[in-house]
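To start, the structure itself, in structure tokens.
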Amino acid sequence: MKSITPLQKARYEYQPKLPTALQQDIKHIIAVRGSATESFADQQEIKQLFTHTYGQPIVSFEAGVSAMNFEAIKVGVILSGGQAPGGHNVIAGLFDGIKRANAGSKLYGFLGGPSGLLEANYIEITSDLMDEYRNTGGFDMIQSGRTKLESTEQFDRVLENAKLLQLNALVVIGGDDSNTNGAVLAEYFKSKNSPIQVIGCPKTIDGDLKNQFIETSFGFDTAAKTYAELIGNIARDASSARKYWHFIKLMGRSASHIALECALQTHPNVCLISEEVETKKMTLASVVEEIAQSVMKRAEKGWNFGVVLIPEGLIEFIPEIKQLIAELNDLVSEKSSEFSIITDIDEKIHWIKNHLEAESTAVYASLPKEIQLQLILDRDPHGNVQVSLIETDKLLASMVSSYLEKAHREGLYKGKFSPLGHFFGYEGRCAFPSNFDADYCYSLGYTSFLLIANGLTGYISSLRELQRPASEWIAGGIPLTMMMNMEKRHGERKPVIRKALVDLNGKPFQHFVRIRERWAVENDYAYPGAIQYYGPTEVCDQGTLTLSLEKNR
Ligand code: FBP
């Protein structure tokens, strides 16, 4: 017997809010098509690569009388990449949409992400199964995976398996890479004269799948609020005990959206933003100095405690480390047979030092041994360094400590420095979705059904005006090709959905810049507390500060 907590039981019964246009009987929702669209950049190249799906119009759903018959359909769904709160609700919205239109329709969940598609490993999502996962966190209903779909052979296998199941459509719930895969798959199916439609949904706690039409990816809201609660608790502990400096690394593979949002919610003494570090070409030494300056100024007031937020991807944005990582990537892949037979750790490090360019050798040699090792660990399937495994919090704490020792010797610092490291990442990815994410995800799923019902393919489900109450959101679909540009990946130019990093001219970052100097020296911490699911709307239903600042025109 599964144990069910009181909150879980209550969440099963929560009815997610839909935009007014989607609250109508399904026969009273119509798709309104705009004019032809262009890709975000590199239009000619992308047009040539997506001859069947390029240029499709933006679609929005409005109240009206639909002429559609709603035959029974079969739809497949996958969850792809890292977990993000609300994934189950996307499936719930899709499930309710297809069943409401025709009770004979079926939804299949492919297990373990894209590999489930390749191996035809699936289950039928029944009403009973769905009800066990409504408004819950995690991806455990059908699990997830990071297999990259890129070869023609893989596309053929997916097509074959989809045909065997007689699928009408496939919904890919994922981040920028997975939705790029979705766009390629939609194009491929069309080029093979297959009517199977492909629809994407924007998922990632990192918040970097966003643009004018995708205002936020789902999961960002809940994950950032979960971390902000913990950071607020730690800040309060720090100012109660008054003896520790807390170095908190926060998830977000590349972009620093989570760190910025958590800073806006909690007012730490220092929050590093990777995009700023890269733009200002800050060295590791200058990053260390920025933190140490806050420590020293606070020590003068007798405050030997504080909170530092570090985005997980920081290390790759520090120019000299970025160069080092690029050289390491090439080296380890070009000489993989030579490198992989070395088993002794010290020999591995020695081999690396002997093969890097002089400048990178010096940088590599200056890092603590644990970090040297972490930098040569296995890459993920996309060839990325696994930044979640690199202990940047400990690296910075130890470098700040050395800086302060020197300052102490020079008579510039008389405080005490006791750092503690933390990493908040996996803790936030499977939390019960906030009301915002529960509503947003359900609406995304419902909208993806409407895109399928209207015969569309190569679209991503979109909800706009998210700063308003859910009833006022605008539901629709954006052609995936519209969000693409060409980028160099593993030495080749590829069409990809552009990752949205923190915009240094954007309102959230500018707002942070205006107040961070005060936070660096004062005790101005804010304590957001736990996510609330029941109570006044201003406590329970608000989105992130990032979203509200971005949409505050
Ligand atoms: P997605 O981009 O797939 O949503 O995953 C994001 C993320 O949660 C990052 O924040 C983190 O660096 C990474 O996944 C960790 O990956 P893994 O789950 O494979 O350890």
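The values are calculated or read from the model by the stated rules, or taken from the named source; none is laboratory data. Keep in mind that this is a model prediction, so the values were computed, not measured. Positions of Cβ are generated from backbone atoms using ideal geometry, with glycine treated the same way; all protein chains shown enter the neighbour counts. Just the protein is used for accessible areas: all its heavy atoms, side chains included, with ligands, DNA and RNA removed. Shrake-Rupley method; radii C 1.70, N 1.55, O 1.52, S 1.80 Å.
Here are some notes:
- Spin-label zone in region 341-361 - amide nitrogen under 14 Å from a point set 7 Å from the Cα of Lys369 along the C-beta vector: 344-350
- Counted charge near Gln56, where neighbours are those whose Cβ lies closer than 14 Å (Asp, Glu -1; Lys, Arg +1): +1
- Each peptide among 211-224, 40-53, 80-93 gets the average number of other Cβ atoms lying within 10 Å of its residues, and from highest to lowest they stand as 80-93, 211-224, 40-53.
- Square roots of 5 times each gyration tensor eigenvalue, C-alpha, region 399-442, largest first, Å: 45, 10, 8
- Relative to the current alpha-carbon distance between Ser35 and Arg493, full extension at 0.36 nm per residue lengthens the span by 162.0 nm.
- Centre-to-centre, using Cα atoms only, region 398-439 and region 495-549 are separated by 18 Å.
- Positive minus negative residues near Leu79 (Lys, Arg vs Asp, Glu; Cβ under 13 Å): +2
- Between Ser388 and Asp237, full extension at 0.36 nm per residue minus the direct alpha carbon distance yields a gain of 51.8 nm.
- Accessible area per residue was computed with a 1.4 Å probe on protein heavy atoms; Thr5 scores about 70 Å².
- All aspartates and glutamates inside 16 Å of Lys106 as judged from Cα atoms, apart from same-chain residues fewer than 8 positions distant: Glu71, Asp96, Glu124, Asp128, Asp131
- Selection of trypsin sites (Lys or Arg not before Pro), region 378-473, meeting DSSP coil and at most 15 other Cβ within 10 Å: Arg379, Lys414, Lys416
- Sparse-neighbourhood loop sites, trypsin sites (Lys or Arg not before Pro) in region 175-218 - DSSP loop, at most 15 other Cβ within 10 angstrom: Lys192
- Dividing the convex hull volume of the alpha carbon atoms of region 427-552 by its residue count gives 191 Å³ per residue.
- Lys pairs under 20 Å by Cα in region 428-553, provided they are eight or more residues apart or on distinct chains: 4
- Pairs exceeding a 30 Å alpha-carbon distance, out of Lys203/Lys348; Lys203/Lys249; Lys17/Lys163: Lys203/Lys348; Lys17/Lys163.
- Count Lys and Arg as plus one, Asp and Glu as minus one, and take only other residues whose Cβ is under 10 Å from that of Ala500; the net charge is then -1.
- Derived scalar couplings ³J(HN,Hα) [region 41-46; Karplus, 6.51 cos²θ - 1.76 cosθ + 1.60; whole Hz; x for Gly, Pro]: 7, 6, 4, 5, 4, 5
- Farthest positive-ward along region 402-553 dipole, Cα basis, beta-carbon charges - from Cys441, Leu547, Pro469: Leu547
- At most 16 other Cβ within 10 Å, DSSP loop - trypsin sites (Lys or Arg not before Pro), region 267-317: Lys280, Lys281, Lys301
- Shape summary: region 194-244 maps onto an equivalent ellipsoid whose semi-axes, from the alpha-carbon gyration tensor, are 39, 10, 6 Å in decreasing order.
- Calculated SAXS-style log₁₀ I(q)/I(0) at q = 0.19 Å⁻¹ - region 317-439, Debye, Cα scatterers: -1.09
- Cα centroid separation, region 232-260 to region 173-213 (Å): 34
- Within the same chain, lysines fewer than 8 places from Lys353 are excluded, and of the rest, those with a Cα less than 20 Å from its Cα are Lys322, Lys335, Lys369.
- For the chain: span of alpha carbons on each principal axis (Å, largest first): 81, 59, 52
- Interatomic Cα distance distribution for region 20-157, bins of 5 angstrom, percent: 2, 9, 13, 14, 15, 18, 17, 9, 2, 0
- Where Rh is the Kirkwood radius over Cα pairs, Rg/Rh for region 227-318: 0.97
- Reachable lysines from Lys243, criterion Cα separation under 23 angstrom, eight or more residues apart if same chain: Lys297, Lys301, Lys394, Lys406, Lys414, Lys416
- Estimated dipole of the chain in Debye, rounded to 20 [Cβ of Lys and Arg +1, of Asp and Glu -1, Cα centre]: 880
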